[in-house]
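A.B. asks: One structure, pasted below without further comment.
The values are calculated or read from the model by the stated rules, or taken from the named source; none is laboratory data. Keep in mind that what you see is a predicted model, and the values were worked out from it rather than measured. Using ideal geometry, Cβ is built from the backbone for each residue, glycine included, and neighbour counts are taken over all protein chains shown.
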Amino acid sequence: MLVSLNWLQEYVDVSEYTPEELAEIITKTGIEVESVEPVAEEIKGVVVGYVRSCEQHPNADKLNLCQVEVGKETLQIVCGAHNVAQGQKVAVATPGAVLPGNFKIKKTKLRGEESNGMICSLQELGIDEKDVPKEFSDGIFVFPEDVKVGENAVSLLNLDDIIIELGLTPNRSDALSMAGVAYEVAAAIDGTYELAEEMVQTSDKRASNYLSVVVDDEEANPYYGAFVIENIHVGPSPLWMRNRLTAAGIRPINNVVDITNYVLMEYGQPLHAFDYDRFGSQTIVTRRAKDGEKITTLDDQERVLNADHLVITNGEKAHAIAGVMGGAESEVQTDTTTVILEAAYFSPTVVREASKNHGLRSESSTRFEKGVDPNRVERAGLRACELLSKYAGGTVLEGVVSHDNLDRSEKQVAVNINTINDRLGTKISNEDMSDIFRRLQFTYEQEGDVFDVSVPTRRGDIAIFEDMLEEVARIYGYDNLPYTLPEGASQAGGLTQNQELKRKVKSYFEGAGLYETITYSLTSEDKAQMLVSPEVAEKAVSPVSLAMPMSEDHGTLRLSMLPELLSSLSYNVARKQENLAYYEVGTVFISEEEQVTKQPEEVLRASGALTGEWVTHPWQQEKKPIDFFVAKGILEGLSQQLDLSFGYEKAKLDYMHPGRTAVVSVDDETVGFIGQVHPKLQKQLGLKETYVFDINLEVLFKKYQKEEKFQAIPRHPSVSRDIALVVDEEVTSGTIEKTIADAGDPLVKDVQVFDLYQGEHLDKGKKSLAFRLLYLDPVRTLKDQEVEEAHNRILNAVKEKHQAELRG
Amino acid sequence: MKERLEQLKQEALTKVEEADSVQGLKDVRVEYLGKKGPITEVLRGMGKLSKEERPVIGQLANDVRESIAKAIETKQTTLEDEALEKQLEEESIDVTLPGRPVQVGGPHLLTSIVEEIEDLFIGMGFEIKEGPEVETDYYNFEALNLPKGHPARDMQDSFYITEELLMRTHTSPVQARTMGTRNGKEPVKMICPGKVYRRDTDDATHSHQFTQIEGLLVDKNVRMSDLKGVLNAFAKQMFGEEREIRLRPSFFPFTEPSVEMDISCKVCGGAGCSVCKKTGWIEILGGGMVHPNVLEMAGYDPKEYSGFAFGMGPERIAMLKYGVDDIRHFYTNDIRFLEQYHKA
């Protein structure tokens, strides 16, 4: 809502505040002021001039040579506007004048003729192109005849006004009018305001003899009032009205339209004027539209209606979509002489539906959608009649033709001052309270501590005690509330175990050299199904998609964080940032339904993506690219952090390198995977060798047990033995390790691979793996013989299970 | 004999003094203290001496032997030290060469902000609650006093999945869910951080996905002045003791009265500048007293219980605190952005 301070000043005396002070007060009492701006930048030296003569420039076809009287002197001005003419009163920037943009006007010569100033267009005076009346949009502005030559054009055009822009919350639609703003400002500054009474002179003719009104759907249209005004002369509206409309951001058109718009801004009540002679009947029937019914609206668009929409008809044909837009057929035109003026109350839902369906959000529909003041509907009609008779020569017929079933009663809200003070933490007295209601202009009856307040209908947002609590608090001043702390029983705040573990996992990854990333949960349908961990893929029947995505890139919920993580890597690599180690902890969305009806399961997972070099230390020629074992080392560290043991089993997964991928499990339950991204996908993404992992954190957290008991530090020495085994290439280190650990139990405490060899000293298809075994009994010193026995058991076991030979 | 011993001592000490290597010193030791050395020889000839002379000469011979041994030892240490020093000198390195880097990572700026806020409220006795990002229409809207067709639903155009399911548009449903578990009796004191989603086109100030942290306290006798006190404590800890806070009226369907909180502008100290749009204040969060309809739907009697709620956007806070100029930076994961904010 744009509020002209000059206009507001006419209603409430705000002259003792600077615009900034006033803005601050309004903001603090309840409506946020978004900006305070002058209508135009400072303009100097622009006056009204009279064009005495206007001839063609002797040396230029498109220029005019004008003699313009500005007070005592007459200036010769060369003017290029096509609409300049002798006898006009125009805005003249005299030599020395300054126009917006610090544009200085000087005496000059144009094609050999002296030009001592400039005749201005409204745009040149700083008015927004969209607010300039069409007749002046590509030429100079012409004043009405009654202005005085030499007068200050800046104030005549209201260019010295200040506009305060209010950012209205949806509940404060009462301030969508100058009257509403005036009530609010008066309450805020403790001033006075009351909407002035309408003064209408009517003729002897009764409107009801010319028109009747039938309302078909009272719920959608509880009140419809129609006034009839004859003898209208369509022409420009007075300059002051045009100025105010411009200040409010509405383009002036002609007096009839301008008056309906002016009252809309003044009262907050949308009105509509039909041309009586083009309406096609003497009966107004408002009803639900028929499915498929058509209307051509003012903007020359043919629109197809249905039963959700309310239309104003002549009994047969629709002439307006109620509250949204009028029809082209009965539009007021320059030859219109008799006007039907509609002042109605349309239900918010029916207007919202129509404006939404047709994409027509207007000043009118916005107000109807939020609910207009039932006590101001008819008054707004009267106000427009008053202005039409004053400024459009109209004769107002006696009476309003109406159908009326509108509830105009005021809501009653009982307010106990003790409850107010309990809820606010204040000590407001009965006197303070009375004063607050006086400022708000709410009437009340008081009985002891209870105020029974009647809420004016302009404040449709107030219905219950808490609404009144806010009214009291804001006029009392939020600044004046004390600072207290809650008095209830205190509780120890803290993190749950899973929240703590989540933080632990994150800081582990960061300590391990990974950066945390946050990617979008909504991804493309293709990406949502890529790089999904096998246990997720098994469960998720189909990815969950939005009904109406804004773009295909963000239309489907992820089943894996990896595709977006890889996109992040690509983004960086494309910007020459090639060594990257990223992780993300977040949820994926698993639905076990073909057609989603229930909330998907949201599972917390951790994903990592690494590419480029891991350790680089150039001057020592150290350079290690990220490989499978860098990524695996990070996962192993995670398992240590959580005191769990991960199993790795080679696997073939889509989009992954078939020979360098493993499924990860805990206690034989699959929890994720790790490996190299398939080279084809790498290439597609512009990535070099890239390794990823994805793991279910929730399962890990469930299995995690906080170590609480002390474990004795072994006092007895351990014995370490090395063995080198020759096995077939396909035999994995992990399986041998497991065989050793099983056979050596309980004396073998640790098995570590320390060498892998393949080459000329071995037969083809064979490899040698060397293990270091640690034997330990925590409570006694081991005898050589025991170790020897265990060692032999192990050698037999690996021989039997893996045909492993001791390497000689 | 006595003279001979004295002479040997002098000779030996001179040679020790002159020795310039560990080997040279060894030679001196062998020469004088060895089994075939002159001192041994002297001792061997002791048989010829008288009973009285024998202990005297014996003593002297031992003294001479000891002083030579001591001198050798001392010299040896000196020579070793010199040798070591020389060796260390040769091992000298350029200490200004760069060290072997340790791979470092770090948290995302949003996580740092969220955890900082979490920790502040944990300190005030709040617990942390989480909830689903795909919500039901009921918890996202209806339980928060936003029935179907409510005009305020326009404020946050949403991503629907079905008519009843949508991406949550705020973290408030977590509040409704938590209240619902308390049988309308036990108090609630919680904050809920999380991702939220709105139908916005991504640009410098809008993101279809962003983060929110909301707080809720429900108990008997909760006052609006408590909201003011708690938010004040939070703002001062988060933004600095010197910052002023200001509450002003606002509107949210789930609170009444509703407030918006501003903090005094850090850049201009309240005088007005381009950062605070000349107002001296910067909007930080919204909140208010829990709407009685919300309490009622969660099973609390609004006559007996009251509460306050508030919500804020970590992106906005990060943008204000660190001057991040484009919200998309938080989701692009440009390493040059991430690297700037890893904390020790």
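A.B. asks: With the structure loaded, tell me whether residue A:288 is basic (Lys, Arg), in the same structural domain as residue A:250 (by TED's automatic domain parsing) and in contact (Cβ under 8 Å) with a residue 24 or more places away in the chain or whether it fails that test.
C.D. replies: Yes, satisfied.
A.B. asks: Name the one entry in B:251, B:330, B:308 that is in contact with a strand residue (DSSP E or B) (Cβ under 7 Å, 6 or more places away or on another chain), at the interface with another protein chain (Cβ under 8 Å from one of its Cβ atoms) and either not in a strand (DSSP E or B) or not polar (S, T, N, Q) (or both).
C.D. replies: B:251
Yes/no per residue for (1) surrounded by fewer than 16 Cβ atoms within 10 Å (Cβ to Cβ); (2) within 8 Å of another protein chain (Cβ to nearest Cβ); (3) touching a helix residue (DSSP H, G or I) at 6+ places or on another chain (Cβ under 9 Å); (4) acidic (Asp, Glu):
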residue: A:453; (1), (2), (3), (4): no, no, yes, no
residue: A:472; (1), (2), (3), (4): no, no, yes, no
residue: A:478; (1), (2), (3), (4): no, yes, yes, no
residue: A:491; (1), (2), (3), (4): yes, yes, no, no
residue: A:500; (1), (2), (3), (4): yes, no, no, yes
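A quick yes/no check of all residues on (1) surrounded by fewer than 19 Cβ atoms within 10 Å (Cβ to Cβ); (2) at the interface with chain A (Cβ under 10 Å from one of its Cβ atoms); (3) touching an Asp or Glu at 6+ places or on another chain (Cβ under 6 Å):
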residue: B:227; (1), (2), (3): no, yes, no
residue: B:245; (1), (2), (3): no, yes, no
residue: B:272; (1), (2), (3): yes, yes, no
residue: B:287; (1), (2), (3): no, no, no
residue: B:297; (1), (2), (3): yes, no, no
residue: B:303; (1), (2), (3): yes, yes, no
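A.B. asks: Name every residue in region A:242-256 that is outside any helix (DSSP H, G or I) and of a type in the set (Gly, Ala, Ser), in order of residue number.
C.D. replies: Hits for region A:242-256 are A:248, A:249.
A.B. asks: Please tell me if residue B:314 is in the same structural domain as residue B:183 (by TED's automatic domain parsing) and under 33 Å from the mean Cα position of the chain (by Cα).
C.D. replies: yes
A.B. asks: Name the one entry in B:125, B:149 that is closer than 27 Å to residue A:369 by Cβ and within 12 Å of chain A (Cβ to nearest Cβ).
C.D. replies: From the options B:125, B:149, the qualifying one is B:149.
A.B. asks: Output the residues belonging to region A:141-157 that are assigned to a loop (DSSP other than H, G, I, E, B) and either among the β-branched types (Val, Ile, Thr) or buried (at least 21 other Cβ atoms within 10 Å of the Cβ) (or both).
C.D. replies: Of everything in region A:141-157, those that are assigned to a loop (DSSP other than H, G, I, E, B) and either among the β-branched types (Val, Ile, Thr) or buried (at least 21 other Cβ atoms within 10 Å of the Cβ) (or both) turn out to be A:141, A:147, A:149, A:157.
A.B. asks: Residues of region A:30-78 being in a loop (DSSP other than H, G, I, E, B), more than 14 Å from chain B (Cβ to nearest Cβ) and farther than 21 Å from residue A:97 by Cα, which ones?
C.D. replies: Hits for region A:30-78 are A:57, A:58, A:59, A:60, A:61, A:62, A:63.
A.B. asks: If residue A:435 meets every condition in (1) in a helix (DSSP H, G or I); (2) within 11 Å of chain B (Cβ to nearest Cβ) apart from one, which number is that one?
C.D. replies: All conditions pass for residue A:435, except number (2).
A.B. asks: Further question: Return the only residue of A:663, A:630, A:596, A:615 being part of a strand (DSSP E or B), touching a residue at least 40 places away in the same chain (Cβ under 8 Å) and of a type in the set (A, V, I, L, M).
C.D. replies: A:663
A.B. asks: Still on this structure: Applying the selection to region B:166-210, what residues are within 12 Å of another protein chain (Cβ to nearest Cβ), surrounded by 22 or more Cβ atoms within 10 Å (Cβ to Cβ) and out of contact with any Phe, Trp or Tyr (no Cβ under 8 Å at 6 or more places or on another chain)?
C.D. replies: B:188, B:192, B:193 - these are the residues of region B:166-210 that are within 12 Å of another protein chain (Cβ to nearest Cβ), surrounded by 22 or more Cβ atoms within 10 Å (Cβ to Cβ) and out of contact with any Phe, Trp or Tyr (no Cβ under 8 Å at 6 or more places or on another chain).
A.B. asks: Answer yes or no: is there a residue in region A:194-206 that is among the small types (Gly, Ala, Ser), within 42 Å of the chain's Cα centre (by Cα) and more than 30 Å from residue B:258 (Cα to Cα).
C.D. replies: Looking for residues that are among the small types (Gly, Ala, Ser), within 42 Å of the chain's Cα centre (by Cα) and more than 30 Å from residue B:258 (Cα to Cα), one finds at least one in region A:194-206, hence yes.
A.B. asks: Something else now. Can you pull out every residue in region B:172-231 that is over 21 Å from residue B:292 (Cα atoms), among the β-branched types (Val, Ile, Thr) and assigned to a strand (DSSP E or B)?
C.D. replies: Result: B:196, B:211, B:213.
A.B. asks: Just to be sure, is residue A:560 in contact (Cβ under 8 Å) with a residue 40 or more places away in the chain, of a type in the set (S, T, N, Q), surrounded by 20 or more Cβ atoms within 10 Å (Cβ to Cβ) and at the interface with chain B (Cβ under 8 Å from one of its Cβ atoms)?
C.D. replies: No; evaluated as a whole, the condition is false for this residue.
A.B. asks: Can you tell me which residue is surrounded by the most Cβ atoms within 10 Å (Cβ to Cβ) among those in region B:247-264 that are touching a Phe, Trp or Tyr at 6+ places or on another chain (Cβ under 9 Å) and among the polar types (S, T, N, Q)?
C.D. replies: Within region B:247-264, the match that is surrounded by the most Cβ atoms within 10 Å (Cβ to Cβ) is B:255.
A.B. asks: Which one of B:86, B:70, B:51, B:75 is touching a residue at least 40 places away in the same chain (Cβ under 8 Å), assigned by TED's automatic domain parsing to the domain that holds residue B:7 and over 14 Å from residue B:5 (Cα atoms)?
C.D. replies: B:75
A.B. asks: Give the number of residues within region B:256-290 that are at pLDDT 95 or above, among the β-branched types (Val, Ile, Thr) and more than 35 Å from the chain's Cα centre (by Cα).
C.D. replies: Count: 1.
A.B. asks: For region B:88-100, indicate whether the set of residues that are at pLDDT 90 or above, under 30 Å from residue A:506 (Cβ atoms) and not in a loop (DSSP other than H, G, I, E, B) is non-empty.
C.D. replies: no
A.B. asks: Which of the numbered conditions does residue A:229 fail, given that it passes all the others? Conditions: (1) touching a helix residue (DSSP H, G or I) at 6+ places or on another chain (Cβ under 7 Å); (2) at negative phi; (3) not in a strand (DSSP E or B).
C.D. replies: Of the numbered conditions (1) touching a helix residue (DSSP H, G or I) at 6+ places or on another chain (Cβ under 7 Å); (2) at negative phi; (3) not in a strand (DSSP E or B), the odd one out for residue A:229 is (3).
A.B. asks: So, in region A:200-249, how many residues would count as being more than 22 Å from residue A:338 (Cβ to Cβ) and either surrounded by fewer than 16 Cβ atoms within 10 Å (Cβ to Cβ) or of a type outside the set (S, T, N, Q) (or both)?
C.D. replies: Final tally of qualifying residues: 16.
A.B. asks: Something else now. Can you tell me which residue within region A:55-80, out of those that are more than 16 Å from residue A:111 (Cβ to Cβ) and free of Cβ contacts under 8 Å to residues at least 60 places away in the same chain, is surrounded by the most Cβ atoms within 10 Å (Cβ to Cβ)?
C.D. replies: Ranking the candidates gives A:68 first.
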